[in-house]
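J.: The structure is given below, and queries will be raised subsequently.
The values are calculated or read from the model by the stated rules, or taken from the named source; none is laboratory data. Only a predicted model underlies this, so the values are computations on that prediction, with no experimental measurement involved. Virtual Cβ from ideal backbone geometry, glycine too; neighbours counted across all protein chains shown.
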Amino acid sequence: MEICGKVLKYGSDINTDVIIPGQFLVLTNSEELAKHAMEGLDLEFHKKVKERKIIVAEKNFGCGSSREQAPIALKYAGVKCILAHSFARIFYRNAINVGLPVLECGEVVMKILEGDELYINPKTGLIKNISRDVEFNVNPVPDFLLEIMEVGLVKFIRERRKS
């Protein structure tokens, strides 16, 4: 799995209430949820995500409630990957379970700017900032989590039960 794209940058403590505001939790269609992604924080998100597919955030991304609609909304809005200094644990697992790549990067996120173009390899932990000609190595995503990200948790479990 390799990911390329430009960066949308956000700060710390981006909670699930701004990722997908509560009034939209009644929606069950992923594409409909996506139309309201980040509506509680960034009304220009849908314009920006057309060009910038990688979210880079500071500490505690996805804090708040445990709603799995938050990573679903981001994924279906077109986000390819989220890099953050740290994630709320439940958001991190929900993102993996729905197939949205996430990597904890610590202080590396402070060296990435809005609009930078990145190449990311979650398997090796390599992040190349193509815009600044700099490379970073972070902890790779374990193979079993990569496998879940690639197929989704439900399919992963079904395939494991068959074998």
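J.: Within the group I148, I127, which residue is at pLDDT below 95 and buried (at least 18 other Cβ atoms within 10 Å of the Cβ)? So that I can check it myself, show each step before the final result.
T.: On the way: I127 fails: at pLDDT below 95.
The unique qualifying residue is I148.
J.: Between residues in region 9-37 that are surrounded by 16 or more Cβ atoms within 10 Å (Cβ to Cβ) and residues that are of a type in the set (K, R), which pairs lie under 6 Å by C-beta distance while being six or more apart or on different chains?
T.: If the second residue must be of a type in the set (K, R), the pairs left are T16/R67.
J.: Here are some conditions: (1) within 21 Å of P142 (Cα to Cα); (2) surrounded by fewer than 22 Cβ atoms within 10 Å (Cβ to Cβ); (3) in contact with a helix residue (DSSP H, G or I) (Cβ under 6 Å, 6 or more places away or on another chain). P101 meets all but one. Which one does it not meet?
T.: Evaluating P101 over (1) within 21 Å of P142 (Cα to Cα); (2) surrounded by fewer than 22 Cβ atoms within 10 Å (Cβ to Cβ); (3) in contact with a helix residue (DSSP H, G or I) (Cβ under 6 Å, 6 or more places away or on another chain) leaves (2) as the failure.
J.: Something else about it: Pick from region 106-129 the residues that are free of Cβ contacts under 8 Å to residues at least 40 places away in the same chain and not hydroxyl-bearing (S, T, Y): which of them is nearest to C63 (Cα to Cα)?
T.: Within region 106-129, the first condition is being free of Cβ contacts under 8 Å to residues at least 40 places away in the same chain, and the residues that meet it are 106-108, 111, 124-126, 128-129.
Applying the additional criterion that residues be not hydroxyl-bearing (S, T, Y) yields 106-108, 111, 125-126, 128-129.
Working: G106: 16, E107: 19, V108: 20, K111: 23, G125: 24, L126: 26, K128: 27, N129: 27 Å.
The qualifying residue nearest to C63 (Cα to Cα) is G106.
J.: Among the residues of region 10-36, count how many are touching a Lys or Arg at 6+ places or on another chain (Cβ under 9 Å) and not β-branched (V, I, T). Please lay out each step first, then the result.
T.: Residues of region 10-36 touching a Lys or Arg at 6+ places or on another chain (Cβ under 9 Å): 11-13, 16-17, 19-20, 22, 24-25, 27, 30, 34.
Within this subset, residues satisfying the condition of being not β-branched (V, I, T) are 11-13, 17, 22, 24-25, 27, 30, 34.
Here the count works out to 10.
J.: State whether the residues of region 43-59 include one that is in contact (Cβ under 8 Å) with a residue 40 or more places away in the chain, of a type in the set (D, E) and either assigned to a loop (DSSP other than H, G, I, E, B) or surrounded by fewer than 22 Cβ atoms within 10 Å (Cβ to Cβ) (or both).
T.: So the first thing to find is which residues in region 43-59 are in contact (Cβ under 8 Å) with a residue 40 or more places away in the chain, and the list is 48-49, 51-59.
Those left that are additionally of a type in the set (D, E): 51, 58.
Right, trim to either assigned to a loop (DSSP other than H, G, I, E, B) or surrounded by fewer than 22 Cβ atoms within 10 Å (Cβ to Cβ) (or both) and you get 51, 58.
Yes, the conditions are met somewhere in region 43-59.
J.: Going by what's in this entry, would E135 be described as of a type in the set (D, E), part of a strand (DSSP E or B) and farther than 25 Å from N60 by Cβ?
T.: Numbers: of a type in the set (D, E): yes; part of a strand (DSSP E or B): yes; farther than 25 Å from N60 by Cβ: yes.
When the stated conditions are applied, E135 passes them.
J.: Can you spot a residue in region 70-82 that is over 12 Å from the mean Cα position of the chain (by Cα) and not aliphatic (A, V, I, L, M)?
T.: Going residue by residue through region 70-82, those that are over 12 Å from the mean Cα position of the chain (by Cα) are none.
Checked region 70-82: no residue is over 12 Å from the mean Cα position of the chain (by Cα) and not aliphatic (A, V, I, L, M).
J.: Considering only residues of region 138-161 that are free of Cβ contacts under 8 Å to residues at least 24 places away in the same chain and not in a helix (DSSP H, G or I), which is farthest from E68 (Cα to Cα)?
T.: Filtering region 138-161 down to residues free of Cβ contacts under 8 Å to residues at least 24 places away in the same chain leaves 140, 142-144, 147, 154-161.
If we keep only those that are not in a helix (DSSP H, G or I) too, we end up with 140, 142.
Values: P140: 23, P142: 21 Å.
Filtering region 138-161 for residues that are free of Cβ contacts under 8 Å to residues at least 24 places away in the same chain and not in a helix (DSSP H, G or I), the one farthest from E68 (Cα to Cα) comes out as P140.
J.: Among the residues that make up region 79-89, is at least one of them outside any loop (DSSP other than H, G, I, E, B), surrounded by 16 or more Cβ atoms within 10 Å (Cβ to Cβ), modelled with pLDDT of 95 or more and among the charged types (D, E, K, R)?
T.: Going through region 79-89, the residues outside any loop (DSSP other than H, G, I, E, B) turn out to be 81-84, 87, 89.
Those still in the list that are surrounded by 16 or more Cβ atoms within 10 Å (Cβ to Cβ) too: 81-84, 87.
Filter once more, so that each one left must be modelled with pLDDT of 95 or more: 81-84, 87.
Imposing the further condition that a residue be among the charged types (D, E, K, R) reduces the set to none.
Checked against the condition, which is being outside any loop (DSSP other than H, G, I, E, B), surrounded by 16 or more Cβ atoms within 10 Å (Cβ to Cβ), modelled with pLDDT of 95 or more and among the charged types (D, E, K, R), region 79-89 yields no hits at all.
J.: Confirm whether I72 is assigned to a strand (DSSP E or B) and closer than 20 Å to R93 by Cβ. Before the answer, list the steps.
T.: Numbers: assigned to a strand (DSSP E or B): no; closer than 20 Å to R93 by Cβ: yes.
For I72, the condition - assigned to a strand (DSSP E or B) and closer than 20 Å to R93 by Cβ - is not met.
J.: Continuing with this model, one more query. For region 104-116, indicate whether the set of residues that are buried (at least 20 other Cβ atoms within 10 Å of the Cβ), closer than 16 Å to N139 by Cβ, of a type outside the set (K, R) and at pLDDT 95 or above is non-empty.
T.: Within region 104-116, the first condition is being buried (at least 20 other Cβ atoms within 10 Å of the Cβ), and the residues that meet it are 105, 109, 112.
Subsequent filtering for residues that are closer than 16 Å to N139 by Cβ retains 105, 109.
The next check asks that each one be of a type outside the set (K, R); those that pass are 105, 109.
Those left that are additionally at pLDDT 95 or above: 105, 109.
Yes, region 104-116 contains at least one residue that is buried (at least 20 other Cβ atoms within 10 Å of the Cβ), closer than 16 Å to N139 by Cβ, of a type outside the set (K, R) and at pLDDT 95 or above.
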